[in-house]
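Everything below concerns the one structure shown next.
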Amino acid sequence: MYSTFRANVTATRPAIVILSAKHGFIEADRVIEPYEQRMTEARANEMIAELPGFDSIEWPAGVRSILLAGGKTYRKVMLAAVERRKALGLLDSNIVIE
């Protein structure tokens, strides 16, 4: 059973994009060095103001719903990125946000 799981995990696992307070949006498998940058309200506002620079990775295609997991300031940046991508036609305008 484990070998079946391992053979299929990449096809069935959820697509994940991570928001780093220092690096912006990164791929889930990207390895980064530890850092001390916190997601403060000021940092969230800075990231939103410069969103294209912090949201330059390719997001998973064909997404029908997005779960925003994180604290209030992280979700603020995530939602701004989702709205930007919808406005650019990169995400379906009817995508479900949870």
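Any chance you could run the full-extension gain for residue 22 through residue 79? It's 0.36 nm times the residue separation minus the Cα-Cα distance, nm to one decimal.
Here the segment from residue 22 to residue 79 would lengthen by 18.8 nm.
Please compute the contact order of the chain in relative form: average sequence separation of alpha-carbon pairs under 8 Å and at least six residues apart, divided by the residue count, as a percent.
Contact order relative to length: 24 percent.
Which order results if 67, 51 are arranged by neighbouring Cβ count within 10 Å, fewest first?
By the 10 Å Cβ count, ascending: 67, 51.
Just flag the chymotrypsin sites (Phe, Trp or Tyr not before Pro) in the range 8-97 sitting in loop per DSSP whose Cβ has no more than 13 other Cβ atoms within 10 Å.
Those satisfying the criteria are 35.
Please get the size of the charge dipole for the chain, origin at its Cα centre, with Cβ charges of +1 on Lys and Arg and -1 on Asp and Glu, quoted in debye to the nearest 20.
260
Compute the signed sum of charges (Lys and Arg +1, Asp and Glu -1) over the other residues within less than 14 Å, Cβ to Cβ, of residue 79.
+3
Putting +1 on Lys and Arg Cβ atoms and -1 on Asp and Glu Cβ atoms, find which of 14, 49, 39 reaches farthest to the positive end of the dipole of the chain.
14
Using θ = phi - 60° and the Karplus form 6.51 cos²θ - 1.76 cosθ + 1.60, what ³J(HN,Hα) does each residue of the range 46-53 get, whole Hz, x for Gly and Pro?
4, 5, 5, 5, 10, 3, x, x
Is it possible to state the helix-based mean residue ellipticity at 222 nm for the chain, with each DSSP H run of 4+ residues giving -39500 (n - 2.57), the sum divided by total residues, to the nearest 500 deg cm²/dmol? What is it?
After summing the helix terms and dividing by the residues of the chain, the value is -12000 deg cm²/dmol.
With a cap of 16 neighbouring Cβ atoms within 10 Å, and only residues DSSP puts in a loop, list the trypsin sites (Lys or Arg not before Pro) found in the range 14-98.
For trypsin sites (Lys or Arg not before Pro) across the range 14-98 that sit outside H, G, I, E and B with at most 16 neighbouring Cβ atoms in 10 Å, the list reads 22, 30, 38, 64.
Throughout, read-outs are computed from the coordinates displayed, never taken from laboratory work. The model shown is predicted, which means the values in this text are computed figures rather than measured ones. Note: ideal-geometry Cβ built from the backbone for every residue, glycine included; neighbour counts use all protein chains shown.
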